[in-house]
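Q: If you scroll down you'll find the structure; I have some questions about it.
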Amino acid sequence: MGRGVILPRRRAPSLLTLFLRPAPSNGRVDPEVVGRKGLLHLQCVLASSAATTPEGALEQAAAALHAVHGIDPQALLERLSRRERRGSTVLGKGVAIPHADMWKLGRPQAAFVRLQRPCLVHRSLVSCFFVLVAPRPALAVDRAMLQYYSRLLVDDDFQRRLHGAFGATDLWRAFREAEWPRDASAVRPRKRGAAGAYDSLTGAPGPAGIS
């Protein structure tokens, strides 16, 4: 018999590649809604912020979310600060994902701030802030979305895109191409104390949502 054919070794797919695979068709995914109403609006992307403190970065994110979506900036900053006091939202690799939930919010929204120079946050240098806001009370689907972006933001391939992007449009496009392939962007009815609300830090059920 002849010698066997030696096939080249296939490179294992990165975490980002795995996340970008289409979600299974289970009736929950609505591509038209996600495509029309993505999580991150272009005007909520700040590609070269001069902020020198995490407070300054969050203030700019809150101002952008207010200008685009009408979110109360002071109420949002208070919620973000309250969440941060419970534990750091720094992910590592120069990224933090401050998050909170708020009443009177119809769907999740986000803002992204990339600093000109890193600032110190809980003894870690951070140059990128991905601020995620979910309707209150936060549901299990919102917690899954938080976990997805927490992994995406520290993925090596996505990190190269974040730091290599020239401006807001390039950053926005990177997030759009990596959009969470589920229905978190769709409007969902919510009630106070709704069953299935989750605490984003511990994953424990709780009617108060992310606090």
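No lab work stands behind these numbers, since they all come straight from the coordinates. What you see is a predicted model, and the numbers here were worked out from it, not measured in a lab. Methodologically, a virtual Cβ is constructed for each residue, glycine included, from the backbone with ideal geometry; neighbour enumeration extends over all protein chains shown.
Q: Can you tell me the FRET efficiency between A50 and W103 if r is taken as the Cβ-Cβ distance and R0 is 45 Å, rounded to the nearest 0.05?
A: Here the calculated transfer efficiency is 0.90.
Q: Moving on to the next point. Shape of segment 31-168 from its Cα gyration tensor (a ≥ b ≥ c, root eigenvalues): rounded if a/c is under 1.5, otherwise prolate when a/b > b/c, or oblate?
A: Rounded shape, in that the Cα axes give a/c under 1.5.
Q: A further question on this structure: Using the Cβ atoms and a cut-off under 13 Å, what net charge is assigned to the surroundings of A50, where Lys and Arg are +1 and Asp and Glu are -1?
A: Net charge around A50: +1.
Q: Expressed in nm to one decimal, what extension gain is obtained for the pair R86 and R123 from 0.36 nm per residue of sequence separation less their Cα-Cα distance?
A: Roughly 11.7 nm would be gained on extension.
Q: Right, something else. Treat each spin label as a single point 7 Å out from the Cα along the C-beta direction, and report the E177 to V68 distance in nm.
A: 1.9 nm
Q: So what is the relative contact order of segment 37-179, in percent, for Cα pairs below 8 Å that sit 6 or more residues apart?
A: Dividing the mean separation by the residue count of segment 37-179 yields 30 percent.
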